[in-house]
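K.L.:
Shown below is the structure under consideration.
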Amino acid sequence: MANNEFREELDPQSSVNKVIGIVSGKGGVGKSLVTSLMAVKAMTKGFRVGIIDADITGPSIPKAFGLSGKLGVTYDQLMVPAVTNTGINVVSTNLILENETDPVIWRGPVIAGVVKQFWKDTVWNNIDYMFVDMPPGTGDVPLTVFQSIPVDGIIIVTSPQELVSMIVTKAVNMAKKMNVPILGLVENMSYFECPDCGHRHEIFGKSHIDEIAKKEGLKVLAKIPIDPEVAKQVDAGLVEYVQAPWLDEAADSILK
Ligand code: ADP
């Protein structure tokens, strides 16, 4: 389906300008962190921002923003996004389940159906940037989700412990298949900066992200350090208050 047909699926009162998908090769590499922080950067720049948490089986966006409870529903059965402290609009399965600890055991097509509802049966008011936290991996589920939302560009998040070259190639192939441009790569957990001596330690081994980016003709948008303070703030639902200077350049180059 062409992107403009997707857009027409939105409720007539809704509008979304740009949709950015955040993908990774597997769970736990920081895809949700990058989604959350890019949304915060966009908000800080004065844009109207939404997040669709499409990582249906591992939804971590609400917790990072300290959101709980249930999404509102309009009289004509449209979902109303939850709003974070700084005004970011969020939808997530964790905000529709009876209990947020309920496991989600839906199969791919059901997951894609839910994501599609997040896109078209939700009141999105003049969103400049919509960030989509995609399901991890490059298999069937993320692919079906790609077919449910008109993504304008993707950011690939990797970490040095992975088989990065293989993951990036798979993600590149997925993006090609879906005809979606890749905005660039983000390497998370890239290094640890010693608070005492300032030396950068590559805890998970040497980074190969620059070579891989060059080989694939992609841009390295950011290298994010391992920072226990970040983990603590995310755990406490305070991701909006994380200082993330290492994402400034990426935000400046993408969010205009
Ligand atoms: P994913 O969405 O890829 O599954 P998350 O963004 O949920 O991964 O990150 C997994 C966990 O690791 C979270 O608890 C998060 O706060 C933590 N984390 C991610 N990146 C960092 C980092 N650079 N420094 C410290 N903790 C991190």
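K.L.:
Of all DSSP beta bridges located in the chain, what percent are antiparallel, nearest 5?
P.N.:
Numbers: 6 of 35 bridges.
Roughly 15 percent of the beta bridges in the chain run antiparallel, per DSSP.
K.L.:
Separate question: Across every pair of different alpha-carbon atoms, what Kirkwood hydrodynamic radius in Å does segment 165-256 reach?
P.N.:
Values: mean 1/r = 0.0668 Å⁻¹.
Roughly 15.0 Å, rounded to one decimal.
K.L.:
Mind scanning Lys116/Lys232; Lys177/Lys223; Lys45/Lys177; Lys116/Lys214; Lys116/Lys223 and naming the pairs with a C-alpha gap bigger than 29 Å? Numbers along the way, then the final one.
P.N.:
Details: Lys116/Lys232 32 Å; Lys177/Lys223 27 Å; Lys45/Lys177 32 Å; Lys116/Lys214 35 Å; Lys116/Lys223 32 Å.
The pairs that break the limit, which is 29 Å between Cα atoms, are Lys116/Lys232; Lys45/Lys177; Lys116/Lys214; Lys116/Lys223.
K.L.:
Tell me, what is the percent relative contact order of segment 3-249, built from C-alpha pairs under 8 Å that lie six or more residues apart?
P.N.:
Values: 482 pairs, mean separation 66.3, N = 247.
Relative contact order of segment 3-249: 27 percent.
K.L.:
Using every alpha carbon pair in the chain, what percent of pairs falls into each 5 Å bin from 0 up to the bin containing the largest distance?
P.N.:
Computed distribution, short to long bins: 1, 6, 14, 18, 20, 17, 12, 6, 3, 1, 0, 0.
K.L.:
Please report the spacing between the Cα centers of segment 157-186 and segment 237-256 in Å, no decimals.
P.N.:
21
K.L.:
Could you work out the equivalent-ellipsoid semi-axes for segment 5-109, taking the square root of 5 times each eigenvalue of the Cα gyration tensor, largest first, in whole Å?
P.N.:
Working: eigenvalues 82, 71, 47 Å².
Working from the Cα gyration tensor, I get semi-axes of 20, 19, 15 Å.
K.L.:
Only Cα pairs within less than 10 Å get springs; with that Gaussian network setup on the chain, which residue of Gln147, Gln233, Gln77 has the largest fluctuation?
P.N.:
For the chain, modelled as a Gaussian network with Cα springs under 10 Å, the answer is Gln77.
K.L.:
Against the longest alpha carbon principal axis of the chain, how many degrees, from 0 to 90 and to the nearest 10, is the axis of helix 108-120 turned?
P.N.:
So the inclination is approximately 70 degrees.
Throughout, read-outs are computed from the coordinates displayed, never taken from laboratory work. What you are looking at is a predicted structure, and each value in this text was computed from that prediction instead of being measured.
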